[in-house]
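Asker: Could you have a look at this structure, given as structure tokens, before my questions?
The values are calculated or read from the model by the stated rules, or taken from the named source; none is laboratory data. Because the structure is predicted, anything quoted here is derived from the model rather than measured. Virtual Cβ from ideal backbone geometry, glycine too; neighbours counted across all protein chains shown. Side chains included, ligands, DNA and RNA excluded: accessible areas come from the protein's heavy atoms. Shrake-Rupley method; radii C 1.70, N 1.55, O 1.52, S 1.80 Å.
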Amino acid sequence: MGRVVAPDLSWSKAVPGEATEIAAFLWAAWNAADHDAPAYAALSDEWVAATASIDALQVRVEDPAKSIVVVRAGSAMVGVAALTTIPPGTAEITEILVHPMACRSGVGAEALTGCIRVARQLGAGRIRAHARDERGRTFFLHHRFQPVEGPYLERAI
């Protein structure tokens, strides 16, 4: 994948048939990443292996309380986000992962837009995010999230 610049981005809620493609994307993003970069420093091969398991992804996509948002530049997958509903009325973004070649090109913001829309469809009135590092915290603060406790931020949707 060459560097993504001002892509024509679109998001969609993942469907069961995309589990294999999502798994391949997660491994490709991990393999292309600088593992010392803040966005990837907290991850490991074990985390990717567990997260990129096709069976686990299939279960997540089929679970009505969980969703995966896929971001594409044209037909190329450039980002994914994981969303889980937390009763009552809150959805939590458990992960936003952008391919290193697409960082700082709007992919994270497009994933966030998709998460917010899917959360609304699931009946959530608030969305929560876990910021693993200062860059993630800055991203969510820029998108009107407010700190609530520890590494968590929230906003009404």
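Asker: Please indicate, with yes or no, whether at least one residue in the stretch 107-123 is more than 19 Å from residue 33 (Cβ to Cβ), in contact with a strand residue (DSSP E or B) (Cβ under 7 Å, 6 or more places away or on another chain) and basic (Lys, Arg).
Answerer: no
Asker: Return the pairs, sorted by first residue and then second, in which the second residue is in a helix (DSSP H, G or I) and surrounded by fewer than 21 Cβ atoms within 10 Å (Cβ to Cβ), the first residue lies in the stretch 82-108 and is touching a residue at least 40 places away in the same chain (Cβ under 8 Å), the beta carbons are less than 6 Å apart, and the residues are 6+ apart or on different chains.
Answerer: What qualifies is 100/32.
Asker: Something else about it: In the stretch 97-115, which residues are open to solvent by less than 20 Å² (accessible area, probe 1.4 Å) and within 10 Å of the chain's Cα centre (by Cα)?
Answerer: 97, 107, 108, 111, 112, 114, 115
Asker: Working only within the stretch 113-137, note down all residues that are assigned to a helix (DSSP H, G or I) and at pLDDT 95 or above.
Answerer: Selection gives 113, 114, 115, 116, 117, 118, 119, 120.
Asker: Let me ask another. Among residues belonging to the stretch 1-56 that are at pLDDT 80 or above, among the charged types (D, E, K, R) and out of contact with any Ser or Thr (no Cβ under 6 Å at 6 or more places or on another chain), point out the one that is least open to solvent (accessible area, probe 1.4 Å).
Answerer: 18
Asker: Of all residues in the stretch 122-142, which are in contact (Cβ under 8 Å) with a residue 60 or more places away in the chain and either surrounded by fewer than 19 Cβ atoms within 10 Å (Cβ to Cβ) or among the acidic types (Asp, Glu) (or both)? Spell out how you get there, then give the answer.
Answerer: Within the stretch 122-142, the first condition is being in contact (Cβ under 8 Å) with a residue 60 or more places away in the chain, and the residues that meet it are 132-136.
Selection gives 132, 133, 134, 135.
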